[in-house]
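Q: My questions will all concern the structure given below.
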Amino acid sequence: MHLRQYQTEAIAAVRRDWQIHTDVLGVAATGAGKTQVFLSLLMEELDQRRDARALILAHRKTLIDQPIDRLRQIDRDWLGRDPQRRPRVGVVMADRDECDRQLTVATIQTLASEKRMQRLLASGPITHLIVDECHRATSTSYVRALERLKAANPNLRHLGVTATPLRSDGDGLAKVYQANSFKITIADLVKAHYLVQPRWLAIATDISLDGVQSREGDYLASQVAERYDTPRGRAIITQAYQQYASGRRAIAFTASVAGAHDLAAAFREQGITAAAIDGSTPNDERDRLFTDFRAGRLTILCNCYVLVEGFDAPGTNCVLMCRPTKSDLLYVQAMGRGLRPAGHDPLRPGMAQPGEDCLILDFVPADARNIVMAGDVLGLPKETTRAVLREQQVDVGEVQAGFTFDGEHFDAGGTPMEIIARALHYLEMSPFHWHRRDGWLTLGLGAASDGNERILVIPPGEPLTLYGMLRPKQPGASWRSRVIAVGALDELGAEAEAVAARWGNAALTGKARHWHAQPASDGQRQYLKRLARGALKGRDIDLLDRGTCAGLINHYIAVRALSGAQEGVAA
């Protein structure tokens, strides 16, 4: 088994501490390979002492499957590849009762049964114990299991591993563990390129947490759901995803199970493949959803506190925090689902490629003083983020703050926040009435003196490109497009203003025209419904004013025409 240097050092540290202590802790961020660390440790210990027996204890089926799958990859002899030899590893869970193996993998729920515990110990005392996701080790079931194992063997050597030693209820792990043998942080792994760079954007909402109660160190999920798992909340989330993260494979964390299913449905209504998973999802359906998500057939997977542990999907490059939390533990677990590299580079297996990142969209409440955010768990002073949020008062759905973290520095430059800030500044300063939607900027110029209609378009993406679209005066003529300029936004703005000054209808292009606030005409609304092709709800279109309706018409004309051009269809 090939180990990274920090993994070898972690194993050595555990062995040193085991000479002094019986119960030691190992902290390893998502992507550090904690399963590889404790399996390597156990395999060496059990090979050196054939009378030794080990137990890996966890609380979820997925955490039981991981070490079995890893053993299958690295040393199938442990699983009984040789028909003449009995497998050295067994599973104790549900109807599986392989209690007499040298290495046993079991759920805490199963070993809470005294009969199962007796059958396990009937084949000899356990000499080595691993508790996976050991931030739960202070719970009654784990404490009782540890006491039972130590009664059978007072010299039991116990290692607990977790991505975060923090519990939201404040119950410290010092009650169980006497030493912290190793600590491998997100920053360490990002800096060494074993995790991708986190890119964080705080998305403004007008959702208040006033009156929401807390229990065991975090907001009551049911009360958070009443504020966030609503049509208004889903509209903010889906729009922000399309504007800032369109096409990224995302995991969304909601405050309630119903909210997860409703959010998945909201994404599907917008043509995005999405599904929800919860604790009652049958195993075969869960496996199918995981397979589809990992294969890219499913773009967004929504859940409520199901995918925080034991779920790995390398290549997930977006996390949607659709619920505020006070829990460092919950936030780190959620963020960690998106930090694993895709691993496509054969020369650097398991390492992040240049530019590989995970975009975290954090939907912050109107008052974000008490919530945990990405900077808080990565080492950015809390007051820094809070000060930015206070100073950056933006519209709902817009970016208030953001950074990219390279393992050492928090850089606000080059992030979507900076690009968006430049765009917003330009739009504010421009004398023309640009329309902004889903990252697209469009400016309808109307019919000019030559009778031709024109629209200026700056689509999202790099490099930024200014397109000029023209529809000739002839009846039934199609829109045609051409590239006017490529460059920075300020440069494109200058080019656009020159074109608008030459060909624009001042009554259409200028800001604050009185007709903008008038109700949209029936003709406008019907035309927009045909263009939007279901992307907008009819009842929403019926409430639009003329200015917004005109902007949306130009937007959908541009999207359809330029998408056709990119597919090789005449625009």
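The values are calculated or read from the model by the stated rules, or taken from the named source; none is laboratory data. All values derive from a computational prediction rather than experimental measurement. Note that we place each Cβ from the backbone using ideal geometry, even for glycine, and neighbour counts take in every protein chain shown.
Q: Any residue at all in region 428-440 that's aromatic (Phe, Trp, Tyr) and outside any strand (DSSP E or B)?
A: yes
Q: Residue check: is GLN36 under 29 Å from MET351 (Cβ atoms), among the polar types (S, T, N, Q) and either in contact with a strand residue (DSSP E or B) (Cβ under 9 Å, 6 or more places away or on another chain) or in contact (Cβ under 8 Å) with a residue 60 or more places away in the chain (or both)? Steps first, please.
A: Numbers: under 29 Å from MET351 (Cβ atoms): yes; among the polar types (S, T, N, Q): yes; either in contact with a strand residue (DSSP E or B) (Cβ under 9 Å, 6 or more places away or on another chain) or in contact (Cβ under 8 Å) with a residue 60 or more places away in the chain (or both): no.
Considered against the rule, which asks whether it is under 29 Å from MET351 (Cβ atoms), among the polar types (S, T, N, Q) and either in contact with a strand residue (DSSP E or B) (Cβ under 9 Å, 6 or more places away or on another chain) or in contact (Cβ under 8 Å) with a residue 60 or more places away in the chain (or both), GLN36 comes out as no.
Q: So GLU462 clears everything in (1) assigned to a helix (DSSP H, G or I); (2) within 26 Å of ALA245 (Cα to Cα) except one condition, right? Which one?
A: Unmet condition: (1).
Q: When VAL224 is evaluated against the numbered criteria (1) in contact with a strand residue (DSSP E or B) (Cβ under 6 Å, 6 or more places away or on another chain); (2) hydrophobic (A, V, I, L, M, F, W, C); (3) over 20 Å from ALA274 (Cα atoms), which criterion, by number, is the only one it fails?
A: Of the numbered conditions (1) in contact with a strand residue (DSSP E or B) (Cβ under 6 Å, 6 or more places away or on another chain); (2) hydrophobic (A, V, I, L, M, F, W, C); (3) over 20 Å from ALA274 (Cα atoms), the odd one out for VAL224 is (1).
Q: Tally time: how many residues in region 139-163 are farther than 14 Å from ALA106 by Cβ and surrounded by 21 or more Cβ atoms within 10 Å (Cβ to Cβ)?
A: 7
Q: Please find, among GLY564, GLY551, GLY487, the residue that is modelled with pLDDT under 85, of a type outside the set (Ser, Thr, Tyr), surrounded by 12 or more Cβ atoms within 10 Å (Cβ to Cβ) and under 17 Å from PRO460 (Cα atoms).
A: GLY564
Q: Let me ask another. Give region 315-361 a look and list any residue that's within 22 Å of THR291 (Cβ to Cβ), in contact with a strand residue (DSSP E or B) (Cβ under 7 Å, 6 or more places away or on another chain) and charged (D, E, K, R), or say none.
A: ARG337
Q: Does ALA313 fit the bill of being touching a His at 6+ places or on another chain (Cβ under 6 Å), surrounded by 15 or more Cβ atoms within 10 Å (Cβ to Cβ), small (Gly, Ala, Ser) and not in a helix (DSSP H, G or I)?
A: No, not satisfied.
Q: Do the conditions hold for ALA245, that is, is it hydrophobic (A, V, I, L, M, F, W, C), closer than 23 Å to ALA202 by Cβ and within 13 Å of the chain's Cα centre (by Cα)?
A: The answer is yes for ALA245.
Q: Among GLY504, GLY414, which is small (Gly, Ala, Ser) and at pLDDT 85 or above?
A: GLY504
Q: For the subset of region 13-42 comprising residues that are part of a loop (DSSP other than H, G, I, E, B) and aliphatic (A, V, I, L, M), which member is surrounded by the most Cβ atoms within 10 Å (Cβ to Cβ)?
A: Checked region 13-42; the qualifying residue surrounded by the most Cβ atoms within 10 Å (Cβ to Cβ) is ALA32.
Q: Between ALA179, ALA174, ALA151, ALA122, which is within 20 Å of ALA13 (Cα to Cα) and free of Cβ contacts under 8 Å to residues at least 24 places away in the same chain?
A: Of the residues listed, the single one that is within 20 Å of ALA13 (Cα to Cα) and free of Cβ contacts under 8 Å to residues at least 24 places away in the same chain is ALA174.
Q: Just give me the residues in region 129-158 being among the acidic types (Asp, Glu) and within 36 Å of the chain's Cα centre (by Cα), in sequence order.
A: Within region 129-158, ASP132, GLU133 qualify.
Q: Just checking, which of TYR219, TYR194, TYR228 is crowded, with 19+ Cβ neighbours inside 10 Å, in contact with a Phe, Trp or Tyr (Cβ under 8 Å, 6 or more places away or on another chain), touching a residue at least 60 places away in the same chain (Cβ under 8 Å) and of a type outside the set (Lys, Arg)?
A: TYR228
Q: If you don't mind, there's one more thing I want to ask. State which residue pairs qualify: first residue free of Cβ contacts under 8 Å to residues at least 12 places away in the same chain and inside region 461-488, second residue assigned to a strand (DSSP E or B) in any location, beta carbons under 9 Å apart, and separation of 6 or more residues or different chains.
A: Within 9 Å, the pairs are ALA477/ARG471.
Q: With the structure loaded, tell me whether ALA501 is part of a helix (DSSP H, G or I), free of Cβ contacts under 8 Å to residues at least 24 places away in the same chain, among the aliphatic types (A, V, I, L, M) and under 16 Å from LEU441 (Cα atoms) or whether it fails that test.
A: In short, no.
Q: For THR107, indicate whether it is within 31 Å of the chain's Cα centre (by Cα), of a type in the set (S, T, N, Q), crowded, with 22+ Cβ neighbours inside 10 Å and closer than 16 Å to LEU63 by Cβ.
A: The answer is no for THR107.
Q: Further, regarding this structure: Given the criteria at pLDDT 90 or above, of a type in the set (A, V, I, L, M), surrounded by fewer than 16 Cβ atoms within 10 Å (Cβ to Cβ) and in a helix (DSSP H, G or I), does ALA235 qualify?
A: yes
Residue by residue, here is whether (1) out of contact with any Asp or Glu (no Cβ under 7 Å at 6 or more places or on another chain); (2) basic (Lys, Arg); (3) under 28 Å from VAL372 (Cβ atoms) holds:
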{"residue": "PHE267", "(1), (2), (3)": "yes, no, yes"}
{"residue": "ASN283", "(1), (2), (3)": "yes, no, no"}
{"residue": "GLY315", "(1), (2), (3)": "yes, no, yes"}
{"residue": "ARG323", "(1), (2), (3)": "yes, yes, yes"}
{"residue": "LEU359", "(1), (2), (3)": "yes, no, yes"}
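Q: Just to be sure I understand, how many residues within region 268-305 are assigned to a loop (DSSP other than H, G, I, E, B), β-branched (Val, Ile, Thr) and out of contact with any Phe, Trp or Tyr (no Cβ under 9 Å at 6 or more places or on another chain)? Before you say what the answer is, go through the steps one by one.
A: Our first condition is that a residue be assigned to a loop (DSSP other than H, G, I, E, B); within region 268-305, this holds for 270-273, 278-282, 296-299, 304-305.
Then keep just the ones that are β-branched (Val, Ile, Thr); that gives 272-273, 281, 299.
So of that shortlist, the ones also out of contact with any Phe, Trp or Tyr (no Cβ under 9 Å at 6 or more places or on another chain) come out as 281.
Summing the residues that are assigned to a loop (DSSP other than H, G, I, E, B), β-branched (Val, Ile, Thr) and out of contact with any Phe, Trp or Tyr (no Cβ under 9 Å at 6 or more places or on another chain) in region 268-305 gives 1.
Q: Yes or no: region 469-481 includes at least one residue that is touching a helix residue (DSSP H, G or I) at 6+ places or on another chain (Cβ under 6 Å) and over 30 Å from ALA235 (Cβ atoms).
A: yes
Q: Also, I was wondering about something else. From the list ALA334, ALA264, ALA295, which one is surrounded by 22 or more Cβ atoms within 10 Å (Cβ to Cβ), on the phi < 0 side of the Ramachandran plot, of a type in the set (A, V, I, L, M) and more than 14 Å from the chain's Cα centre (by Cα)?
A: ALA264
Q: Turning to a different aspect of this structure: If you scan region 186-224, which residues turn out to be under 24 Å from LYS537 (Cα atoms) and of a type in the set (A, V, I, L, M, F, W, C)?
A: ILE203, ALA204, ILE207
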